Structure formats: structure tokens, C-alpha cells
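Okay, structure first, notes after.
The values are calculated or read from the model by the stated rules, or taken from the named source; none is laboratory data. Please read these numbers as outputs of a predicted model, since none were measured by experiment. Cβ coordinates were reconstructed from backbone atoms using ideal geometry, including for glycine residues, and neighbour counts include every protein chain displayed. Ligands, DNA and RNA are stripped out before the accessible areas are found, and what is left, the full protein with its side chains, is counted by its heavy atoms. Shrake-Rupley method; radii C 1.70, N 1.55, O 1.52, S 1.80 Å.
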Amino acid sequence: MSASWGETMVCGHRARRSTQHSCGAPCRSRSAKDPRRGNWGSLSQRPGTMKSVLSRCDPLVRPPAAKWPRRDPRLGYAAAMRASALRPREPQRTAISFGASVFRTQALLAGAFGVVVCVTLALSERRFDDSPGFFAGLTIVLWATIAAAIVPWLRLPVHAQIALPLLDIFAIVLLRNASPESGFGILLIFPAIWLAMAFGRLGSVLGPLFAGVLLWGGVAQAQLGVGPAAGTSAGSAVAAASLTVTLAFVSVITHLTAERVESQRVLLRRQTAMLEKALQRARRQEAILREAFDAVEFAVISLDLDGTTLTTNRATRALLSHLGLPDDTPWERYPLYRADRVTPVPAQEMPHLRVMRGETVDSETYVIGHRTGTRFTIHVTARMLRDESGEVDRVVLVLRDVSAEVRAIADRDDLVTSMSHELRTPLSSVLGYVDLALEVDGLPDEARSMLDIALVNTQRLNSLVNDLLSARSRSPENAITVSLQDCDITAIVVESIDAQRIIASERLIPVNLVTDGGTVRAPADAFRLRQVVDNLLSNAIKYNDIGGRVTVAVHDVVRDDGSEAVEIRVSDTGRGMTLDEQKGLFERFYRAESVRGSTTHGTGLGLAISREIVVMHGGAIEVASEPDRGTEVVVTLPNRPAAHPSAVRTKEA
């Protein structure tokens, strides 16, 4: 819908004073110099006009009240709206269309004359050879029609056109006086309507007044016995009065109707302009959304409730092209497989049907593509979109290609496995030679102490390699195992602190131990629990600020359910973590974004393995942290006697 189309819905106007309606009549809108010359003054006082129309207008399309023009009390609402800055520019009328509209109006009236004259000549027994009034009326109508066709109305003042309907009234009265029985008087309605519609209040008064003067002039001539109406019914005062009153009523009703229609036209034009702007904004927003829709790198597919594809984006078409499928391939024909790359997804298990059944489909892994062709690993997310009434309108599927990520994870796991196996051989050799060296007689005490330290750390390194393998492998021989026995938890923590003091002293970080004063004991795997405490202390020192502080607390606590437990708290005053970083803290190979580019090295396995060990003990591990305020890790272990001297638990990685 264009602005030009919207403007043609309303009768056209020109900015100049010689403006006319499309019907050929002068326009009631005034020039910009004097908007008060109109005849709309009483419009606002009548029900059903612009003021009442505006009050019933839909608030969604009505402009705010503050932006409506302030009405002059001497003007009607239509005139005030014409003077408003919100009023759209009036369309320009060409000279050809303006003149043609005047001619069409006059030609219509002349045609009515012709029909009545032909009927009169055919049916009347009276001869009109001796009736100069009859031929004078026909001549006036003929010349008025010729003038309507050839006179350049654009070059004349706007009220010059009023001569045509007045000439028609004069001609009709002459014909009525010449042939009262022919019913020419009824034709007076046409020029009266023309005057009322084209010239407003002036025309509605001038038409009946001019016709009444001529009719009552004929009555006076008849009373005096002169003129063509003498001795005929045309000289009847009753007929003249009834015809004059009828014309007056017709003119007034036509004038009021024209004003009301014009008011509604103005309102309609304003609403049309507002709707056009809203449509243009909607089209712009649609174009922007379409560009954004096509700019994303993941495939987006919109389906209706029957599974028919409604829209796709550029990434979807590119995906189909790589798969060798046409762009219009329906969604149910996509070659979709489960994550095992072998099992096709059944029709009833397609993601859009699952989400419509109320299931959650969020970043689920599938493989798309035939087995013998190009294949991609994708994450599929499905969402239902609802309309204004809350009903499901469509289903949107988002397909993200994660093939590169899957390949990278597989390559990483292969590298970890390969490196771990390669490290096992030299570590086994080192352990063997250290054991042999410790068995040598006469070994100095200082050398034996150093070899003991080397043996302990080599054993720990070998254990870490095994854990690295267990994080990658699912085989039973690489699974993490714990052997629960009654242990001194305080002693395990003290040993771990002593082992970390040298590293802590290099960073000027004191490590403080807080206990209840006694010995804290619980069933645990001493080796695995030492691994957990070592990892927590190492993180607290590595990610702390130079000159910071680390505190380790060991306590017996009572849980909410009344059971006894042992609590190990490791807190630091380091950089801390955000909530987003804490979400992936216990995932394997995860490292926070803030430390990936730092000089602090790590594998991202420590906390993942620590949580597995704590869970296998029947305990829990929790983290509380804030940026720049440090981190506190709490390990809770159940304090209960072991059912047997040695209870072994195994967990596959």
C-alpha cells in the first residue's frame, strides 16, 4: 500500500483556491492563508460528525490526544484537522481530470433533461411550437453543457462554477412552466444536490432560494394572468411551496451527509497514513529479521503443526547442498541418525514431535547425512512458538554443526591416551630403580631420605597418569577404585600441607590449619583422599595472589538429618570465579576463561577426579566463590565405621 494509493481514497484537493472535488464540485478545504473561510463551523456540535467519530475511533490507530490540533471555537473539527501539521499533503489534480469532472456532472444532468424531454414529446398531446419557454430551457441546458466541456475552469475563480447549476435551475423552471404536467420540476433536485455538495452551506441555501424565487415568480405571473404559467398548475402556490420545501430539505440533508462523509474521509485518510507507516515499519523489521535469520551460522527451520517446512535460512540451504539434497527437502526426509552414527531416528522420535509431546530437546546430539555420503554431527534444539491466544503456532528447530568440536575432542582424547601410555614405561623404570637403590646396604641417611622423596613423588606421578587414563578410558582396569579404612583425616591434611609449603613459600602464601584440637577420624581411602586435598591446596596456592592466604579447616560436624560427618574446608584470598565459570568447574578438561591465557598451567582434570573420589566416599563437594574475593571449597565425608576392615568401591570414568 503506497501513499499515492491511500490518497486516492479521499476526494482530491489542490493547495490553490480553485480546488475541486473529484465529483467536479469546488472543494470545501480552504487555502493555507485563511483556513477559516470554510463552512464547517457547526460540525463539532452535531452528533455523528468528526468529534463523535474520533471518540469512537480505535485507540490503536488514533494518534495521542496531545498531538491533535487545537480547535478554534469558530471552526469545526474537519477544518481544524485540515490545518493540522499531521494532515497529509493533498494530492494534486491535473487540469484534464478537473475539467472532465465538471463536464461529467453537467452531462449527467443534461442526460436527465433529455430523457424527460423525449418522454414528454412522445406522450404529451400538446404541441410546443408556440412555447418559447420550452425551447429557451432546452437551449440553456445545451449551452451550459457545452460551456462545461470547453470552459477552462482552472483559470476561473472557484465560485464561477456555481453558474452552471444556477443555469440548470433556471432552465428547469422554464420547462416546468411550459409543461407543468411533464414533471420537469422533479429535476430541480439534481442541481440542488450539486450546489449542496460542491459549495457547502452556501450551495445548500442558494439552490432552494434561487429555485423558490423563480417558482414563486411563476406563481405571481399566473396570479396576474401573464407569462407561460398563466392558467396552468405551474402557477399553483401549493405546488410552488411544496417544491421549495422539498428542495430545502434535500439540500440540507445532502449538505449534512457530505460533511459527515468528508469528515470520515479525513479520518480514514489519517488512519490509512498511520497504517501505511506501521506497514512500512513492519516490512523494515521483517527485512532486518530476514537478514539476521540468514546471517547466523547455524541452520534454523520453522515447521507448522503438521511438520511442513515454513521457512529456512541460508545455513539450512547450505547444509542441504553439502548433503546433496535439494533446498525444498521436507524435514521428515532429512537423513537423521542417533549419536552412534548407525541407528536412524524413527519418525515418531523426530525432535519436533518430541517437543510437541512436552519433552525437552535442548542441544541433543544427532548425525545427519547418509552413511555413504557426507555426514555432520549436529546439536538439535527445538522450541514451540505460541500465538497471542497461547496456542502452539509453529515449531522452530536449530541445528548447529559440532563436527569440528567432536573431532577435536576425539583427537584430544587420543593424544591423552597415547601420552599416558608413553609415560607409563619410563615411570615404571624410575620406580624400579628407586626401589633397587633403596635396598642398597650402607646407603647414607641423607641419600636415603632423598630417594624416599623421589619414590613418593614418582608413585604420585604414576597415579596421576593412571587417573589421566581413567578419565579417558571406560575399561575396568583403568577405573578409579577406593578402599575405605578408618583413617586419621587430620594427619592426611597435615601431610598434604607439608608437601605444599615449599611452593606456597615461593609465592609468600602462608597455609594455616584450623582444627578442633583433637584427632578427626573417618572411614576413607587415605591415598585417594590425599589426592583430593593435594588438588584443592594446589589450586588455592596457584590461583591465589602473591602474599595471599590459604586456610584449611578440619572439623566434625552434624548434618541436618542428625548424622555425623567430617568437613574439610579449603579457602583462599585469590582471584575468585564468576557464576558462569563455576558452572563447568567439575567438567573434565575444563579451565576457566580467566586463566586460559595465563602462565598458570593445568589439565582441567583435578576437580573432576576429586569430585568422583568424594562421591565414591559417599560425600559431597561444594564451591563458593566471588570475583576478587577468593574461593572456598567444602568437602563433606560421612563419619561412620566401615562395614568391613576393607570396603572397595569402583567407578568407571
Test of understanding: among LEU279, LEU289, LEU336, LEU303, which residue is at pLDDT 90 or above, among the aliphatic types (A, V, I, L, M) and open to solvent by 50 Å² or more (accessible area, probe 1.4 Å)? LEU279
Give all pairs with beta carbons closer than 7 Å in which a residue from the stretch 504-525 that is modelled with pLDDT of 85 or more and outside any loop (DSSP other than H, G, I, E, B) meets a residue that is small (Gly, Ala, Ser) and open to solvent by less than 20 Å² (accessible area, probe 1.4 Å); count only pairs at least 6 apart in sequence or on separate chains. VAL511/ALA504; VAL514/ALA553
For the stretch 533-582, which positions are open to solvent by less than 60 Å² (accessible area, probe 1.4 Å), assigned to a loop (DSSP other than H, G, I, E, B) and of a type in the set (A, V, I, L, M, F, W, C)? MET577
List the number of the failed condition for GLN280; all other conditions in (1) touching a helix residue (DSSP H, G or I) at 6+ places or on another chain (Cβ under 6 Å); (2) not assigned by the TED database to the domain that holds VAL380 hold. (1)
For residues in the stretch 306-333 being hydroxyl-bearing (Ser, Thr, Tyr) and open to solvent by 70 Å² or more (accessible area, probe 1.4 Å), which is farthest from ALA382 (Cα to Cα)? SER321
Can you tell me which of ARG333, ARG371, ARG386 is under 29 Å from the mean Cα position of the chain (by Cα) and on the phi < 0 side of the Ramachandran plot? ARG386
Failed item in (1) crowded, with 18+ Cβ neighbours inside 10 Å; (2) among the aliphatic types (A, V, I, L, M); (3) modelled with pLDDT under 90, with VAL226 passing the rest: (1)
What is the number of the single condition among (1) outside the structural domain of ILE378 (by the TED database); (2) modelled with pLDDT under 90; (3) surrounded by 15 or more Cβ atoms within 10 Å (Cβ to Cβ) that GLN271 does not meet? (2)
Kindly indicate whether ASP294 is free of Cβ contacts under 8 Å to residues at least 24 places away in the same chain and open to solvent by 10 Å² or more (accessible area, probe 1.4 Å). yes
Looking at VAL367, VAL392 in this structure, which one is over 15 Å from ILE301 (Cβ atoms), among the hydrophobic types (A, V, I, L, M, F, W, C) and surrounded by 17 or more Cβ atoms within 10 Å (Cβ to Cβ)? VAL367
Residue in the stretch 377-384 that is assigned by the TED database to the domain that holds THR308, open to solvent by 70 Å² or more (accessible area, probe 1.4 Å) and at pLDDT below 90 present: no
Among the residues of the stretch 154-162, are any under 24 Å from ALA241 (Cβ atoms), of a type outside the set (D, E, K, R), assigned by the TED database to the domain that holds ALA248 and open to solvent by less than 10 Å² (accessible area, probe 1.4 Å)? no
Does the stretch 400-453 hold any residues that are within 30 Å of ARG341 (Cα to Cα), in contact with a helix residue (DSSP H, G or I) (Cβ under 7 Å, 6 or more places away or on another chain) and not polar (S, T, N, Q), and which are they? ASP413, VAL416
The one condition in (1) closer than 20 Å to LEU310 by Cα; (2) buried (at least 17 other Cβ atoms within 10 Å of the Cβ); (3) of a type in the set (Gly, Ala, Ser) that ALA347 fails to fulfil: (2)
